[in-house]
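Accompanying notes for the structure given below.
Each value in this text was obtained by applying a stated rule to the coordinates, not by laboratory testing. Just so we're clear, the structure is a prediction, and the values are computed from it rather than from any experiment. Counting neighbours? That spans all protein chains shown, and the Cβs are built from the backbone with ideal geometry, glycine included.
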Amino acid sequence: MAVRVARSDDPPGAVAVVLRLGRILLVTTAVLGPAALAWAATALVRGRPAAWRLAWPRLVTLLTWLGPAFVKAGQVLGTRRDLLPSALCDALATLQDSVAPLSAARAAEALAEVYGDEVDTLFAEVDYAAIASGSVACVHRARLTSGREVALKLRRPGVDRAMRLDLRLVRRGAALVAGLPPCRGVPVVEVVDALCAAVLGQLDFEREAANLVRLRADLAVVPRVWVPQVVPEACRPQCIVMEFIRDLDLDAASRCPSAARRKFAASALTAMYEMLFVNGFVHCDLHPGNLYFTESAQVVVLDAGFSVQLTERLRLLFADFFLNMAIGDGDKCAAIVVESSAEVRPDADLAGFLDRMADLVRRSHKLPAREFSLIAFATEMFDLQRRHGIHAAPELIFPLLSLLVIEGTIRDLDPEADFQELARPVLVKGRFGAR
């Protein structure tokens, strides 16, 4: 009888899931146990603020040790300076592009596994010391035999299996949460399943290369936005080869004058709106490690692995919602939320929801970035839906997630930015113009 050899991309079995859960618990206890003792001692001697400053780097260490799914969660949380302490966000920001890279020897071995004998025929030179490192891949500088300078996004060996294990645990956790009284009747499992599928899609580098080509074409109409050009003939299923962009620096925007920072905010938001309202093809992961601002006034968009295509119906409904929010028409916005919902329960308080949703829109109308919190708005909207028996469509999480991830960056660049006013011209184009 033939024996089947397990591959790294095979679905994890039940035993693997249990072992992974055990490891998560052990690592968490090993890291947070001593951290709790250190926190208590420091709080007693130097006060709680000093104790928390000591604790946050330990939390980042824990997320890094737990693996790519946890690092992704930390990257998103690190953008929420309106909700989390600044010291914690500063610590989480180190996850954006400074996850421990592969060693040079391991990177050379991984590249050889991907290209085999083609390494020497395709590349004149490769710097195996990573210039950026993320939870899924490392980026290396290289030169093709044609002389062209390129960046190699090389997938970490074994990351696919680790991600599948963690996402399976997340799905099981969602099933448990869905059974709790406050969540009964809420499509928790459907939303988490959709989100997990999108995150897992980041392991498909052939798809990501196609996403980058698509985004480069879609965003070519937005001034000062730059998506690197893919070199398709040099790409492989575990490695994306693209043009090398020099001098990318997370702190570049902070060195620019306020006028330039306002332009950065406007360009980044316009790019996001172009994706949401015109093309429906959305990059959902524009955290600071994937969104750069250069001193030459360019906005650089990287890493399109976590991108989704909205249905035409959802694109139009989302555009209609924002268009009516921009003019303060709360009644129309409330009606659109109901129309876009996955289900209206038989016992739903429809009139109560329409009234309170319209009030939420009117209260949020024309607020600048420093006063408007999208996550607070979305939280209140979802709470209204839950309490009044209106179930949101699971795919709605993706356009909201894309805005939530970029919101903190826009607020830092331009606290007076008007999210709704900047959306108007793109909304009109997406809703009524030729595409």
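Points worth noting:
- Computed from label points 7 Å out along Cα-Cβ, the spacing between Asp249 and Thr28 is 4.0 nm.
- 5 angstrom amide H check on Ala393, placed H, neighbours 5+ away: Ala342
- Around the amide H of Ala417, modelled in the peptide plane, lie the amide H atoms of Ala369, Arg370, all under 5 Å away and 5 or more residues distant in sequence or on another chain.
- Around the Cα centre of the chain, unit charges on the Cβ atoms of Lys, Arg, Asp and Glu (plus for the first two, minus for the last two) sum to a dipole of about 840 debye.
- Segment 14-93: mean projected area of Cα convex hull, nm²: 5.5
- Amide H contacts under 5 Å for Val225, placed H, 5+ residues apart: Val299
- Calculated from backbone phi, Karplus (6.51, -1.76, 1.60) coupling profile of segment 114-119 in Hz, x at Gly/Pro: 7, 9, x, 6, 6, 3
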